[in-house]
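The values are calculated or read from the model by the stated rules, or taken from the named source; none is laboratory data. None of these values were measured; they are calculated from a predicted model. Every residue, glycine among them, receives a Cβ derived from its backbone with ideal geometry; neighbour counts consider all protein chains shown. Protein only, heavy atoms only, side chains kept; ligands, DNA and RNA dropped before computing areas. Shrake-Rupley method; radii C 1.70, N 1.55, O 1.52, S 1.80 Å.
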Amino acid sequence: MSPKTSKASVNGRRGALTPGRIAVLVLAALALIFIFENTRPTKIRLLIPEVTVPLWTALLAMGLIGALCGAHFVYFRKRRR
């Protein structure tokens, strides 16, 4: 192992708190604050049925669906290479 190579870079993990990770954590915290501040009931229609749910549950569900879609694309992009 050369002197410039550390164990952290060999394992593919560098510093735990990079600027990108901090930005993601801040955005996630702001999204959660926004979600839980919006608690009034709202009507949601998906194709035919119409349901009334608290707005925070709809926002949280859409956030989770978006995160899962993003993770899916990242996983398959890395796997294809």
Considering the options PRO19, THR39, ILE65, tell which one lies farthest towards the positive end of the dipole of region 10-72, charges being +1 on Lys and Arg and -1 on Asp and Glu at the Cβ, about the Cα centre. PRO19
The local net charge around PHE73, scoring Lys/Arg +1 and Asp/Glu -1 for residues other than PHE73 whose Cβ lies under 12 Å from its Cβ, equals +4
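Heavy-atom accessible area per residue, region 27-81, 1.4 Å probe: how many Å²?
Ligands and nucleic acids excluded, the result is 91 Å² per residue.
Give me the percent of the accessible area of region 33-78 that comes from carbon and sulfur atoms, probe 1.4 Å, all protein chains in place. Could the numbers behind the result be given before it?
Working: 2900 of 3990 Å².
Here carbon and sulfur together make up 73 percent of the probe-accessible area.
Less than 15 Å Cβ to Cβ from VAL53, Lys/Arg counted +1 and Asp/Glu -1: what total charge do the surrounding residues give?
Taking every Cβ under 15 Å from that of VAL53, the sum is +2.
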